[in-house]
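J.: There's a structure below that I have some questions on.
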Amino acid sequence: MYRSHVLVCSGTGCTSSGCVEVQENLEKELSNNKLENEVKLIQTGCHGLCELGPIVIVYPEGTSYFRVEGKDVKELVEEHLLKGRPVDRLMYKEPISEEQVPYYNDINFYKKQSRIVLRNCGYIDPESIEEYIARGGYDGLSRALSEFSQDEVIEEVKESGLRGRGGAGFPTGVKWGFARQAPGDKKYIICNADEGDPGAFMDRSILEGDPHSVIEGMAIGGYAIGADEGYIYVRAEYPLAIKRLRKALEAAEGLGLLGENILGTGFNFKLKIKEGAGAFVCGEETALMASIEGNRGMPRPRPPFPAQKGLWGKPSNINNVETLACVPVILSEGAGSFNSVGTENSKGTKVFALTGKINNTGLVEVPMGIKIKDIIYTIGGGIQEDKAFKAVQIGGPSGGCLPEDKIDLPVDYDSLTQAGAIMGSGGLVVMDEETCIVDVARFFLKFTQTESCGKCTPCREGTKRMLEILERITQGEGKEGDVELLEELGSMVKETSLCGLGQTAPNPVLSTTKHFRDEYNAHILDRRCPAGACSDLLIYKILEDKCKGCTKCVKACPQDAITGEKKEVHVIDQDKCIKCGACVDQCKFEAIVLG
Ligand SMILES: Cc1cc2nc3c(=O)[nH]c(=O)nc-3n(C[C@H](O)[C@H](O)[C@H](O)COP(=O)(O)O)c2cc1C
Ligand code: SF4
Ligand code: SF4
Ligand code: SF4
Ligand code: FES
């Protein structure tokens, strides 16, 4: 029996900010103070606030410490663990109020979250199957195998209202039903852990922080559809997730929770890991299966759907990591418990990677139906440096940008689609007044254009043409009619592309031409970037009321672009100016500004 548990986050974020040293120093200090038998040291998965890592939490009271460095450990052990005096300086401070918050559960970032998928992330040692079981793990599998028929499991999942978290939001129980009804003895269940969206790390964190929840979800799905084999397709750039998955698979096999005759019920199920090379298109299900088969990961037309003809021609079912991590909870606690959270058509929670110009960036899990405003201001702690909110991009590269008047929109599948965005897999990028919306559309389109596999012409050529137009506009070379052309091309690419990549690639462009038309017009008609972000459209100008005519800037300018008499206002010849900024540094009167 230990009097205290000290949890050190060992997710990828905290590892890169030095948690290994913190962990090693803690081990040493505990031993130096002969506390090894009183205080238990545990490494956990990600808490979501990776930016403030390494994170250390001391239980039973839940005192949390952020940005802990190796050199802080001695003080932590001596003050908190020996003398019972928590170390204030390492505690969290709310971004706007600056209020110090000692306990993890009182921090606003966590208070408004509902952690169902992330229930164990940050609480248990992901490398210990015993800790997973102690938190109710494998209870869902044991109930499914002993109390439910295959069809009853599918009914339970249908009743829970769970929809796929990988992007399209298809009802999981219905999809399982298709695979179950497909004729054939050999079937596969596949976990899609390709996670190609830029900036997304939801699936990685689940696999690193709670790998057994995904394995258990797959075993339940395998039983339901009649599969005896499964694959986890995970990108090779996720070495920690792969390492923990391998350990978890070994441990589950060791306890008879995977393999032959699971829990004595006659159900056989084995799981393999397939490492992907990290191409975005390999997340598309037919491309993913081709990749597992050892072929080039390229989509093929559907039908036939994977449920009829999937991996090696056998009926197969593909689900996202987060979808699968919800399944054990549905089986252990019942569909009713799961569908009590969320909205009419969007049940449960959704994990988002919250990034951009927001104070608390990180991973958050929120109940479906929460307002965008609550995510940004309560959980996210508001916009950095108190700047004005401009837009939010939801749904990753296939998603859309929503303007300020949509800030009260509930986050659910239907509301987002109606507003021109999508739930996607969970990217949420917050933009402030200084973000150029045309440039954002260009950024996402560039990503999808580069990742297009090139198999079909509309996606391969159409996205290229659209990107060229966007690049021209941001460089001040836009032409009248460009927006109409973008819209025409965008709808053509959406309608005629073979797979989801092309069918959704124009979304960021189409949502921004719809909601931010004025900003496109300013670039094209006035050659002006209202956000002051497109460097080609910026001009350096001298403010008449501030210039003292000291001539310092004239000497600094390599282009002889500045003229003016001594003690009189100077001017910049815009045709000569190369926007090097050298003049700004010389002006003591802050008379030269970008506009
Ligand atoms: C280009 C492209 C990339 C995709 N990438 C992923 C991915 O990384 N992870 C994922 O789960 N689904 C991804 N999807 C969606 C999957 O093809 C599939 O719909 C999903 O894995 C099904 O699981 P779900 O029903 O649990 O959402 C992608 C789709 C497309 C078109
Ligand atoms: S839509 Fe794009 S990514 Fe999909 S098959 Fe066609 S070229 Fe490839
Ligand atoms: S350095 Fe500043 S104050 Fe002096 S001439 Fe140039 S702009 Fe005017
Ligand atoms: S930005 Fe550079 S080129 Fe332009 S006026 Fe200033 S010093 Fe001259
Ligand atoms: S990795 Fe430690 S909080 Fe995310």
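J.: Quick check on Leu81: is it buried (at least 19 other Cβ atoms within 10 Å of the Cβ), among the hydrophobic types (A, V, I, L, M, F, W, C) and either more than 34 Å from the chain's Cα centre (by Cα) or within 16 Å of ligand 3 (Cβ to nearest atom) (or both)?
T.: The answer is yes for Leu81.
J.: Related question: Kindly state which helices (runs of 4 or more DSSP H) lie completely within the stretch 462-568 and contain at least 2 residues that are among the basic types (Lys, Arg), away from ligand 4 (no atom under 16 Å from the Cβ) and modelled with pLDDT of 95 or more.
T.: The helices (runs of 4 or more DSSP H) meeting that bar are 463-474.
J.: Would you check which residues across the stretch 193-224 are under 27 Å from Ser149 (Cβ atoms) and within 11 Å of ligand 1 (Cβ to nearest atom) and list them?
T.: Once the filter is applied, which keeps residues that are under 27 Å from Ser149 (Cβ atoms) and within 11 Å of ligand 1 (Cβ to nearest atom), the stretch 193-224 yields Gly217, Gly221.
J.: Next question, about the same structure. Within the set of pairs 6+ apart or on separate chains, which have a first residue in the stretch 574-595 that is more than 16 Å from ligand 2 (Cβ to nearest atom), a second that is open to solvent by 70 Å² or more (accessible area, probe 1.4 Å) and among the acidic types (Asp, Glu), and C-beta atoms under 7 Å apart?
T.: Note: pairs meeting the criteria are Lys576/Asp560.
J.: Can you find a residue that is touching a residue at least 12 places away in the same chain (Cβ under 8 Å), under 27 Å from Arg442 (Cβ atoms) and away from ligand 1 (no atom under 16 Å from the Cβ) anywhere in the stretch 556-572?
T.: Within the stretch 556-572, not a single residue is touching a residue at least 12 places away in the same chain (Cβ under 8 Å), under 27 Å from Arg442 (Cβ atoms) and away from ligand 1 (no atom under 16 Å from the Cβ).
J.: Restricting to the stretch 569-595, and then to whatever is assigned to a loop (DSSP other than H, G, I, E, B) and touching a Lys or Arg at 6+ places or on another chain (Cβ under 8 Å), can you tell me which residue is most open to solvent (accessible area, probe 1.4 Å)?
T.: Lys588
J.: Kindly check whether there is at least one residue in the stretch 320-338 that is aromatic (Phe, Trp, Tyr), at pLDDT 95 or above, surrounded by 15 or more Cβ atoms within 10 Å (Cβ to Cβ) and within 22 Å of Cys121 (Cβ to Cβ).
T.: yes
J.: A further question follows. So, restricting to strands (runs of 3 or more DSSP E) that lie completely within the stretch 291-388, which ones have at least 2 residues that are under 20 Å from Gly13 (Cβ atoms) and among the hydrophobic types (A, V, I, L, M, F, W, C)?
T.: Once the strands (runs of 3 or more DSSP E) in the stretch 291-388 are filtered for at least 2 residues that are under 20 Å from Gly13 (Cβ atoms) and among the hydrophobic types (A, V, I, L, M, F, W, C), what remains is 349-356, 362-367.
J.: Right, something else. Kindly provide the set of residues from the stretch 162-215 that are surrounded by fewer than 23 Cβ atoms within 10 Å (Cβ to Cβ), at positive phi and within 16 Å of ligand 5 (Cβ to nearest atom), ordered by number.
T.: Matches in the stretch 162-215: Gly199 only.
J.: Could you please let me know if Gly230 is small (Gly, Ala, Ser) and out of contact with any strand residue (DSSP E or B) (no Cβ under 8 Å at 6 or more places or on another chain)?
T.: When the stated conditions are applied, Gly230 does not pass them.
J.: Now for a separate question. With respect to Val39, is the statement that it is within 16 Å of ligand 1 (Cβ to nearest atom) and in contact (Cβ under 8 Å) with a residue 12 or more places away in the chain true?
T.: No, not satisfied.
J.: Could you tell me which numbered condition Asp518 fails, if it satisfies all but one of (1) open to solvent by 60 Å² or more (accessible area, probe 1.4 Å); (2) of a type outside the set (Ser, Thr, Tyr); (3) within 16 Å of ligand 3 (Cβ to nearest atom)?
T.: Single failed check for Asp518: (3).
J.: Scan the stretch 13-25 residue by residue and report those that are under 31 Å from the mean Cα position of the chain (by Cα) and either in a helix (DSSP H, G or I) or among the hydroxyl-bearing types (Ser, Thr, Tyr) (or both).
T.: Selection gives Gly13, Cys14, Thr15, Ser16, Ser17, Cys19, Val20, Glu21, Val22, Gln23, Glu24.
J.: Consider Asp408 carefully, then state whether it is at pLDDT 95 or above, under 23 Å from Ile372 (Cα atoms) and among the charged types (D, E, K, R).
T.: When the stated conditions are applied, Asp408 passes them.
J.: Related question: Sort through Ala421, Ala441 and tell me the only one that's small (Gly, Ala, Ser), under 19 Å from the mean Cα position of the chain (by Cα), at pLDDT 95 or above and open to solvent by less than 10 Å² (accessible area, probe 1.4 Å).
T.: Ala441
The values are calculated or read from the model by the stated rules, or taken from the named source; none is laboratory data. From a predicted model like this one, the values you see are computed outputs, not experimental measurements. Positions of Cβ are backbone-derived with ideal geometry, glycine not excepted, and every protein chain shown enters the neighbour counts. Note: areas computed on protein heavy atoms with side chains; ligands, DNA, RNA excluded. Shrake-Rupley method; radii C 1.70, N 1.55, O 1.52, S 1.80 Å.
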